[in-house]
Each structure stands twice: as C-alpha cells, then as structure tokens.
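> Take this structure first; my questions come after.
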Amino acid sequence: MPDALVQALQNEGLIWLFATVFIAGLVRGFAGFGSAMIIMPVASSVLSPIEALIFLIFAELLGPLPNLPAAWRDGAPRDVAVLLVGAAVMMPLGVWCLSLMDPAAFGWVISGAVATLLLLTASGWRYRGPLTTQIKVATGGLGGFMTGFAGMPGPPVIMLYMASMLPVAVMRANFLLYLLAIDLMLLPVLWLGGLMVWPVALLGLLAAIPNIIANVIGARLFDPQAEQVFRLVAYIVIAASAIVGLPVWKG
C-alpha cells in the first residue's frame, strides 16, 4: 500500500486535483453543496471512474465537519433523516438500472432534467405547498436513485429546497447534512462490493486537509441575509453540473 500511495502522489495532475478540491471546499462551505460537481470532472481526468469516486468521498468526508455543528443547529435533521430513508431504499435500484441503460442516453436525460428544473427555479417559480413526509421521501428516493445511477445525489433535493420558501440558512444546512450522510452511506456499498482502493482513499484523506480549510473559509463568507447571492451561486453550480454531465465530454 505505501508503494501504491507513493505512485499516486507522483501523478502529474495531482497539484490541479488538490487545487480543485480547495475551490470545491470554498463552494461547499458557502452553499452547502456543489463540491462533487467541481471535483469529479478533474478527478476523472487523472483517475479511473471508481478511483475518482473514492477520492471524492474521502476528500469530502472531513471537509464539512467543522461546519457540522452549525448545520445541525440551523437545519432540520429530522427532515434530512426522512430524505435519507427514501435514498437508502432507492440507491440499490439505481445501481441495478445503471447496468441496464446506455450511459450516453442517461447522460442526456440527467443533464436535460437538471437544466429544466434549473430554468423553472431561476424563473422565480416556488413550491408554496407544505413539504410533506411523502414529498421528502420521494425526493430523497430520487436522490438515492441518482446516486446509484450517476453518482449525483444532490439535484433533486437541491431543487426541492431552492423552489421552497425556506430561509437560505436552513436550505444550506440541510444540503450539508444530506450530502455528508450520502457519502457515509456510499462507503459500505463500495467496501462490501470489493471496490475500495485504499491508496486512493488515503490520497483523498490528504486532500481533505485543504478541503477542511476551504470549507471553513467558505462558511465565513456565507451571509444568511444575502439570499440573492446564495441563489446565484447555487444556480451557477447547478448549471455547471448540467453542462459537465453532457455525454459530449466523454469522447
């Protein structure tokens, strides 16, 4: 394992990967989400797909922890728990469906869905009804399905809250809690599936150091009163995820 780790550290793209992790941490600390959308395209260019996913999980696992107490206080942990019930049920189905569907076709479907929802939300549309348990379970289930299907747990939950009337501080806190829990759920899936690459996991833990620093800085930049700035950052990150997810970038 030490030899493999030394080899991983000699990767020519490592400095850019760590720089990307730092930038992603700034966005995650500020908005509560978005780091995977920033890290995965760069990680996938220097690591295999499964290694990129492992790197992402371990690089992100520690980064949000300094902001966890505030997120627990400002957010709604019980609502997040309901989301995770749906996610846990649907994640295996997502993995199964991924084995059946053409990846290119799925890329167009996901990017199109994200772009459509973004346009609706950015246009000023808001969901003014109650966020019932059924809606939360369904949204969490869709997020879990997309986690297994495409490694994208965030868009359904992000869109639900961005279209709601909740304060931005609550939305940001819930994003952080939900995405951190999803990472924890993915770990046993990878381990039990025999997919864990421990040298890459250690590399991710090294990258977690700048990620932690960036998360703290990003959190300090967040202003609960600046809702328009928060929404603008969120829209930019969501739009970037839709563009990055297009199959045209995959050769």
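The values are calculated or read from the model by the stated rules, or taken from the named source; none is laboratory data. Computed from a predicted structure; not experimentally measured. Cβ: placed from backbone, ideal geometry, glycine included. Neighbour counts: every protein chain shown.
> Is there any pair linking a residue in segment 201-221 that is within 7 Å of G29 (Cβ to Cβ) to one that is part of a helix (DSSP H, G or I) and of a type in the set (S, T, Y), with Cβ under 9 Å and at least six apart or on different chains, and which?
Filtered contacts from segment 201-221: N215/S35.
> For segment 170-178, check the following and say yes or no: at least one residue is in contact with a Pro (Cβ under 7 Å, 6 or more places away or on another chain), within 28 Å of R78 (Cβ to Cβ) and in contact (Cβ under 8 Å) with a residue 12 or more places away in the chain.
Yes.
> For segment 189-211, enumerate the residues that are touching a Leu at 6+ places or on another chain (Cβ under 6 Å), aliphatic (A, V, I, L, M) and part of a helix (DSSP H, G or I).
L202, A208
> Count, please, the residues in segment 155-169 that happen to be assigned to a helix (DSSP H, G or I) and touching a residue at least 40 places away in the same chain (Cβ under 8 Å).
7
> Sticking with this structure for a sec: Select the helices (runs of 4 or more DSSP H) contained entirely in segment 21-75, then report the ones holding at least 2 residues which are within 15 Å of R220 (Cα to Cα) and without any contact (Cβ under 8 Å) to a residue 12 or more places away in the chain.
In segment 21-75, there are no helices (runs of 4 or more DSSP H) which contain 2 or more residues that are within 15 Å of R220 (Cα to Cα) and without any contact (Cβ under 8 Å) to a residue 12 or more places away in the chain.
> In the list M152, M185, which residue meets the criterion of being hydrophobic (A, V, I, L, M, F, W, C), in a loop (DSSP other than H, G, I, E, B) and more than 16 Å from V233 (Cβ to Cβ)?
Answer to the selection: M152.
> How about segment 103-146: which of its residues are at pLDDT 85 or above and either in a loop (DSSP other than H, G, I, E, B) or in contact with a Cys (Cβ under 8 Å, 6 or more places away or on another chain) (or both)?
Of all residues in segment 103-146, those at pLDDT 85 or above come to 132-145.
Scanning segment 103-146 gives T132, F145.
> Please specify each residue of segment 31-72 satisfying the condition of being buried (at least 24 other Cβ atoms within 10 Å of the Cβ) and more than 14 Å from L179 (Cα to Cα).
I39, A43, I54, F55
For (1) surrounded by 24 or more Cβ atoms within 10 Å (Cβ to Cβ); (2) closer than 27 Å to P69 by Cβ, each residue gets a yes or a no:
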{"residue": "G140", "(1), (2)": "yes, yes"}
{"residue": "F149", "(1), (2)": "no, no"}
{"residue": "V168", "(1), (2)": "no, yes"}
{"residue": "L192", "(1), (2)": "no, no"}
